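**Q** After the structure tokens below, expect a handful of questions from me.
Readers should treat all values here as calculations from the given coordinates under stated rules, not as data from a laboratory. Predicted model, so just to flag it, every value in this text is computed and none were measured. Neighbour counts are summed over all protein chains in view; Cβ atoms, including those assigned to glycine, are modelled from backbone coordinates with ideal geometry.
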Amino acid sequence: MTDSNPEGVAKTPPIENIDLLKDLLAAPSPSGYEQPAQEVFRKGVAPFVDEVETDLLGNTYAILNPTGNPKVMLAGHCDEIGFLVTHIQERGYIYFGNIGGHDANITVGQRVLVHTARHGSIPGVIGKKPVHLMDDEERGRKTKLDDLFVDIGTTGKDAVLEKVSIGDPITYSAEFGRLEGNLAVAHAFDNKSGTFIVAEIIRLLKEQSPEKLQAAVYGVSTVQEEIGLRGARTSAYLTGATVGIALDVGHAADYPGIDKRKTGDIELGKGPVITRGANINPQVYKMLIEAAIEENIPFQMNAKGVGTGTDANAMQLNQAGMAVGLVELPLRYMHTPCEVVSLSDIHNAARLVAAFIRKITPDTDFRPSMSNYAAPLIPKSKSETVNE
């Protein structure tokens, strides 16, 4: 595995539109309940695009240069993991089901918000019998979501039902925060960061050298990725794009307990991750690497021999096929209330994909061939090889 750290790279400037990122993170959007985040996305991209549309599934499209050729689709899923109300017990405790994948051990004791139509977002906590009151058998048993409940402080089922309805979504209550350096923490960087990067790519294409843009760009904030890549499948069909880039998060390997043999040697702050493998079109991969080197953008590389488990899967297999790339943001502590990313990686991911799109012309041939079969040669002056 290789990571590229171009020489002479200036210190990454602050994200110009960080308020949009914060607003996306604050907007509740568990799979199937994404419209609060989509409304933020629609307003955020409107000044930079020709059209903004939303389809029947809830995907939102920011369309720039619609008469261009070829069509390029960007996908960043805006849905987050969460819960939904399934039962209200006689004393008013709320039982819930999962939306997306959770580690039940992490959910115990977390603060949450129950998002209601009548009373807005109601704070609560996830409760469980304390260890002091458990017998030996209970202590040795793995925590299950079925054992947990939400306490909003209201006593009695009827009183709770005046505020809360079956099916109301629930999210962690964990605000955006800053750590040392360029690191930030929030509960839904997976994948509000990808949605934000799509918006930033659109802004960069509009504001910086717009005359170089020949492609039509469909920036899609997709829905329901966490429960089966659903939004990417339908939006890829609707756009009929020739080329696509999925923007998502990937596992960082720079903290204890992570096996780099499985994740690759990925670190926060060393740039976005460009993926290579069966899910990835070789010409797209080649052009992403070339764009990073030409623009002096730091990047890391990873390889996945099967499906990536991202929107790139659904995009690649749309209709007659799409030439797909995957750019991932290194992330620590995935699917927890405290996901950590580097803001500089977000900035550089947007720069990278914008530079890639500017390279595309109507004559660009994305068919796999011997000319793009091998990986581009990364100059030694631009890269550092690890684990040789």
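**Q** Which entries in Lys43/Lys192; Lys212/Lys359; Lys43/Lys71; Lys129/Lys163; Lys71/Lys359 show an alpha-carbon gap greater than 18 Å?
**A** Lys43/Lys71; Lys129/Lys163
**Q** Continuing with this model, one more query. Sort 61-69, 328-336, 166-174 for me by packing, meaning the mean count of neighbouring Cβ atoms within 10 Å per residue, highest on top.
**A** Answer by packing, highest mean first, reads 328-336, 166-174, 61-69.
**Q** Nothing charged except the Cβ atoms of Lys and Arg (+1) and of Asp and Glu (-1): what's the magnitude of the dipole of region 22-73 about its Cα centre? Round to the nearest 20 debye.
**A** I would put it at about 140 debye.
**Q** Could you grab the relative contact order for region 95-254? Cα pairs under 8 Å, six or more apart, rounded to a whole percent.
**A** Dividing the mean separation by the residue count of region 95-254 yields 21 percent.
**Q** Using only the alpha carbons, work out the radius of gyration and Dmax of region 292-361 in angstrom.
**A** 14.2, 42
**Q** For Asp146 paired with Glu162, estimate the spin-label separation in nm (one decimal), with each label point 7 Å from Cα along the Cα-to-Cβ line.
**A** Distance between label points: 3.3 nm.
**Q** Using alpha-carbon pairs under 8 Å, 6+ residues apart, how would you state the relative contact order of the chain in percent?
**A** This gives 25 percent for the chain.
**Q** How fast does region 82-172 diffuse by Stokes-Einstein, in µm²/s, taking the Kirkwood radius from C-alpha pairs at 37 °C and 0.692 mPa s?
**A** Rounded, D is 244 µm²/s.
**Q** Would you list, by chain and number, the lysines whose Cα falls below 21 Å from the Cα of Lys260, excluding same-chain residues fewer than 8 positions away?
**A** Lys270, Lys304
**Q** Give the residue from Gly124, His102, Ile152 lying farthest towards the positive end of the charge dipole for the chain; charges sit on Cβ (+1 for Lys and Arg, -1 for Asp and Glu) and the dipole is referred to the Cα centre.
**A** Among Gly124, His102, Ile152, the one farthest towards the positive end of the dipole of the chain is His102.
**Q** If you take the beta carbon distance between Arg91 and Ala46 as r and set R0 to 51 Å, what does 1/(1 + (r/R0)^6) give as a FRET efficiency, to the nearest 0.05?
**A** 0.65
**Q** Here is a further query. Would you compute, from DSSP H runs of 4+ residues alone, the mean residue ellipticity of the chain at 222 nm, taking -39500 (n - 2.57) per run and dividing by the full residue count, rounded to the nearest 500?
**A** The helix-only estimate for the chain comes to -7500 deg cm²/dmol at 222 nm.
**Q** Which value, in debye to the nearest 20, gives the size of the charge dipole of the chain about its Cα centre, when Lys and Arg are +1 and Asp and Glu are -1 at the Cβ?
**A** That gives a dipole near 340 debye.
**Q** Over the chain, with a single point scatterer placed on each C-alpha, what log10 of the ratio I(q)/I(0) does the Debye formula yield at q = 0.07 1/Å?
**A** Each listed q maps to, in turn, -0.33.
**Q** With only Lys, Arg, Asp and Glu charged, each at its Cβ (+1 for the first two, -1 for the last two), find how big the charge dipole of region 82-172 is about the Cα centre; round to the nearest 20 debye.
**A** The dipole of region 82-172 has a size of about 200 debye.
**Q** Further, regarding this structure: Can you tell me the length gained on complete extension of the stretch Tyr255 to Tyr373, counting 0.36 nm per residue apart and subtracting the Cα distance?
**A** Length gained, Tyr255 through Tyr373: 39.1 nm.
**Q** Another one. On full extension of the chain, what length is gained from Glu207 through Asp136, given 0.36 nm per residue of separation minus the C-alpha to C-alpha distance?
**A** My answer for the length gained is 19.2 nm.
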